[in-house]
Each structure stands twice: as C-alpha cells, then as structure tokens.
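Below: the structure, in structure tokens.
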Amino acid sequence: MPRPIWSGAISFGLISIPIRLFPAVRKKSVSFNQLDGETGARIKMKRVSADTGEEVAFGDIVKGYEITKGNYVTITDDEMSSLDPKKSRTIDIAEFVQLSEIDPLYFDSAYVVAPDELSAKAYAVLEQAMESAGMVAIATFVMRTKQYQCALRAAGGKLLLSTMVYGDEVADFTEIEAFEYLEDVEVKPAELAMAEQLIESLTESFDPMKYEDTYRERVMELLEAKAEGSELAPIEDDGPTADVIDLAAALEASVAAAKAARERHPTATVEDEAPVKKKAAKKKPAKKAAAKKARKTA
C-alpha cells in the first residue's frame, strides 16, 4: 500500500483541509553497481583530500562554496539550519490561474493529494469548484526543510499537485546562438500546408499506455539472457540518414506514409476501410460486363 511522503493541510481562505501527499509517478530505470572487473567485488568510494590524497573522516568534512577559483567560503550545518524556511504543515493557496497560462516547462515533480476521513467533504467541494471554474491554484509549502512553489489542479475527482521551478531557474533561451539561424528562414505556403496536413494525419487521442520504454526492456532482456548464460542478438543499425534536400517533397512523402500506416493499423475503423472495399467491388472485367448487357438487350 502506498505510503504518504507528506501530511498537512490545504489553507484556502479561512478553510483548512487536512490532506496527505502521495507520489504520482514511480520512475523505472535499471541500476547498476560498480564491480572489480577481476574479482567481481563491489567498489567502495572514499572521500580523500585533493592535496594529500589521504582519506578524510566524515566528521571532518565541512560545506564550502567556491567564490573564485580555488577560494571557498565554509558554512556549518547550524548556520544552514538557521536559514531553513519556517516549518509549516500547510499548503498556502496564493491565487488561482488558468492552466493554459502555465508553460509545462515550469512543472517539476507530481503528487496525488488525498483527503482524510474528516476532510472528505471540504476536499470534494474544493475539487469540484476548481474543476467547474477550470482554474489551477498556485500555492507554496515546505517539505523536508525546502520551500516549494506548486500548482494544485482538479482531475477526475482528485486533486493533483505539481511542484514548480521558479522563474529564475528557467534557462534564458536568448543566450542560445542557434536560434539566429531562424532569422533569415522563409517558410513557403505549400510547405506550411503540407506540414499542417502531416500533423493532422498523425493526430490521435493521447494514450500514455501506448508508449513503452523499449530501451529499459531491451536492457532487462539482455540481463536476463546473460543470467541464463546466453546472449542477446544486437540491434542492427539502419545506417546514416540521408540529408533532406526537397522539404516539400519530404513532407508530402511523410503525409502519404502516415496515411498508409494508419490504414494498416489494427485499430483502423470500419469507416476507414469502407471506401477501399467499395472501390474494389466496383471493378469488373470490361468484356464480361459488355456480354451481360448484350444478353439483356436480346
């Protein structure tokens, strides 16, 4: 059974709604340990002095911030603790905004907000009111001595919380010189029309279960095969991709390929296949059709 990682209350005006936070995402990856290639023994990391090369005891290690190259300002744990945000068990709602106003770039980690038995009614009222208004709550809260900005949103009878990065943590895209290449680019109407047609031909309802981490699956297959004493056939490289010379022709070919792939897809509807079947049914040999017509005339 999932365990909450934080418990507190949503502060909404004069209303306090006790809640618990549960992780909404469980990331899956393959972890490896470092081993001695000859003996297979685990490798241990030691903290050593860059000057003497000797190991330093954990209790003798202090935090340092590099001011200039090789020059550090040290700070103690007590000094850091004195700067911790005031401990609080509330998610303080500051304002409500439209979800469309928030660039997904600002979202970080996701959590499920769950009520307790006594707060179920107030939780339901807030969730339904937010869903009806189509609004997202911007709030702050403290978790593990760190203050977070977050967004609360209603989704299918539940409240979801996403921690957010701060505005000054988002990279300044104007510093990326590569965007200068776009200044002299001229997009032709035909190219734009084909690109829009390609987007339309690939448009589907989002289903997250359609996508799989094939690399992780391949790694696990390799590990299982090696554990059984066998090997896994390597994936063949298709070779380098040719440079696109005619963009319009490439877009047109992409649209045709996308349509063909959709027709071959097992989820294609009967309506999608009907025109093809009707067209095939109309084809008759010319000689047989003429003979049949002559017999009726006679």
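What follows draws every value from the coordinates through simple rules; no lab data is involved. Predicted model, so just to flag it, every value in this text is computed and none were measured.
Quick look at the numbers
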quantity	calculated
Listed pairs Lys87/Lys121; Lys28/Lys210; Lys44/Lys146; Lys86/Lys158; Lys87/Lys146; Lys63/Lys146 exceeding 20 Å between Cα atoms	Lys87/Lys121; Lys44/Lys146; Lys86/Lys158
Stokes-Einstein D for segment 1-107, Kirkwood Rh over Cα pairs, 20 °C, 1.002 mPa s (µm²/s)	105
Share of alpha-carbon pairs per 10 Å distance bin for segment 75-183, given as whole %	12, 35, 28, 16, 8, 1
Within straight-line cross-link reach of Lys27, aspartates and glutamates at Cα separation under 13 Å, skipping those fewer than 8 residues along the same chain	Glu212, Asp213
